[in-house]
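The values are calculated or read from the model by the stated rules, or taken from the named source; none is laboratory data. If you're wondering where the values come from, they're calculated on a predicted model, not measured in any experiment. Ideal geometry is used to build each Cβ from the backbone, glycine not excepted, and the neighbour counts take in all protein chains shown.
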Amino acid sequence: MTLHFQDLQLDKPLTDALRAAGYESPTPVQLQAIPAALNGADLMASAQTGSGKTAAFLLPILQKLLKRSDKPGKGPRALVLTPTRELAQQVEKNAQIYGKNMPWLRSVSLVGGTSFGQQIRMLSKPVDLIVATPGRLMDHMRQGRVDFSRLEVLVLDEADRMLDMGFIEDIETIVAATPASRQTLLFSATWDGVVGKLAQKLTREPQKIDIERVEAQGKIDEQLLYCDDMRHKNRLLDHILRDANIDQCVIFTSTKVMSEQLADELYEKGFAANCLHGDMPQGWRNRTLMDLRKGRIKILVATDVAARGIDVPTITHVINYDLPKQAEDYVHRIGRTGRAGRHGLAITFAEVNEYMKVHKIERYLKRQLPEMAIEGMEPTRKRNKNAAPKGKGKPWGGKGGKGGFGDKHKRSSAPHGKRPGGDKPRSGGFKSGGGKPKMKK
Ligand code: AMP
């Protein structure tokens, strides 16, 4: 029997908004989290990005907000903390979508990199929901602009990632400023180590929800491609990017510098490519994401942190140009594709010397990644267990630019983010290429 949102005791303004958003039935995490949260339980949910976790915590919050607060004051009734600006903005946007039949709803996202002025104006009036990154929220708290006395619900989204990013002290300070009577909803990929201890401290008899990983739900096909070296990797990438099936693609690199260099090289080759990383000013980051959403960018070359929270359903491919540093980042990366019920393809490059790193990811996933090779472009080197991983910091194969895409090894002088996403590819871009890569097992 298929359950509908109405069966989860959500009121009509919400179920109507969900229908308008095209949501037919709740996802597994929503099925479990919404009734529990509506019952007032604290939650510890491990659900990955792409699972529908945002609606799983926003819908119970909005259901609460349908009723007036019996407490005076203008402080927020719900607070969502996220690790990145993009994720905060995405969550706040979703709150507006689900709350579209609640015209009185006032939500605000407090993130760094944007001007204080508008945020201060928003905070000067009563606000229902704040979605924030810890750093910027702390800035406002220090100035006495946020009063948590009305707070009913606290959510930590991607709690593990917030701790990885060093936000533990900020989180503890923020939590200490909230009423002990609050309901606490925690979402994290893992509960190991510090994040588990924090969860214990913050919750009371939490209900635990463990949703199978996104990739196990079969929406994302995966391929592992071994290559000999950078030069070989770049040839493979070039071949893959000419696949006419690619609508939009996110390529992950391990460093900011490499994301810029790779985006430049691809741009010079005629692809509508741009980069996204944490050192770019927020305005550029927002514009780049807008360009991606509008389809003006076909290839986004991104670092892990910057790409968190990207929710663009037309991303058909994710390419792990560099292996993720942490195994769990693999799951977050591939979750950029296969969104909103679509199918996606995640391709991971690994140099033959990196196969121990691949095993680490496979151990975390508890399964093997399907290894493929492109006909005529197979690796020739043998895997050497003891060799050190290669290629750090030199995306184009080291000295003299050998192994780069182009003959030249020149970086564009235009600062990233300034390049308009609407720039036309100089040659045909995706559609110009040599058709589908032939894969063989
Ligand atoms: P999330 O895991 O919260 O980032 O959500 C992943 C994607 O699924 C987003 O594009 C949501 O808009 C979409 N989504 C969430 N819940 C549902 C649902 N019940 N039905 C259809 N799409 C959904």
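One table, with the values for the structure above:
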| quantity | calculated |
| --- | --- |
| Members of segment 239-267 found to be under 16 Å from Ile374 (Cβ atoms) and either modelled with pLDDT of 95 or more or touching a strand residue (DSSP E or B) at 6+ places or on another chain (Cβ under 9 Å) (or both), listed by number | His239, Ile240, Leu241, Asp243, Asn245, Ile246 |
| One residue from Thr27, Thr15 being modelled with pLDDT of 95 or more and of a type in the set (Ser, Thr, Tyr) | Thr15 |
| Pick from segment 298-328, criterion among the small types (Gly, Ala, Ser) and at pLDDT below 95, ranking: nearest to Leu237 (Cα to Cα) | Ala307 |
| All positions within segment 159-173 that are buried (at least 24 other Cβ atoms within 10 Å of the Cβ) and among the acidic types (Asp, Glu) | Asp160 |
| Residue check for Gln96: surrounded by fewer than 17 Cβ atoms within 10 Å (Cβ to Cβ) and more than 15 Å from the ligand (Cβ to nearest atom) | no |
| Check on Ala36, within 11 Å of the ligand (Cβ to nearest atom), closer than 26 Å to Lys197 by Cα and outside any loop (DSSP other than H, G, I, E, B) | no |
| Within segment 159-224, helices (runs of 4 or more DSSP H) holding 3 or more residues that are modelled with pLDDT of 90 or more | 168-176, 194-202 |
| Residues within segment 104-139 that are surrounded by 15 or more Cβ atoms within 10 Å (Cβ to Cβ), within 28 Å of Lys67 (Cβ to Cβ) and among the charged types (D, E, K, R), tallied | 2 |
| Counted residues, segment 126-151 - those being within 27 Å of Asn39 (Cβ to Cβ) and touching a Leu at 6+ places or on another chain (Cβ under 9 Å) | 7 |
| Test: Asn245 is assigned by TED's automatic domain parsing to the domain that holds Ile319, surrounded by fewer than 16 Cβ atoms within 10 Å (Cβ to Cβ) and farther than 27 Å from Leu129 by Cα | yes |
| Single match in Leu31, Leu10, Leu18 (criterion: assigned to a helix (DSSP H, G or I), in contact (Cβ under 8 Å) with a residue 40 or more places away in the chain and surrounded by 14 or more Cβ atoms within 10 Å (Cβ to Cβ)) | Leu18 |
| Among the residues listed as Arg308, Arg339, the single one being among the charged types (D, E, K, R) and either touching a strand residue (DSSP E or B) at 6+ places or on another chain (Cβ under 8 Å) or outside the structural domain of Pro370 (by TED's automatic domain parsing) (or both) | Arg339 |
| Subset of segment 96-116 [without any contact (Cβ under 8 Å) to a residue 12 or more places away in the chain and under 14 Å from Asp16 (Cβ atoms)] | Pro103 |
| Residue check for Glu371: modelled with pLDDT of 90 or more and closer than 28 Å to Gly50 by Cβ | yes |
| Filter result for Gly270 (in contact with a Pro (Cβ under 9 Å, 6 or more places away or on another chain) and surrounded by fewer than 19 Cβ atoms within 10 Å (Cβ to Cβ)) | yes |
| Segment 39-52 - residue that is modelled with pLDDT of 95 or more and under 23 Å from the mean Cα position of the chain (by Cα) and, of those, nearest to the ligand (Cβ to nearest atom) | Ala45 |
| Test: residue in segment 76-84 that is more than 16 Å from the ligand (Cβ to nearest atom) and of a type outside the set (A, V, I, L, M, F, W, C) | yes |
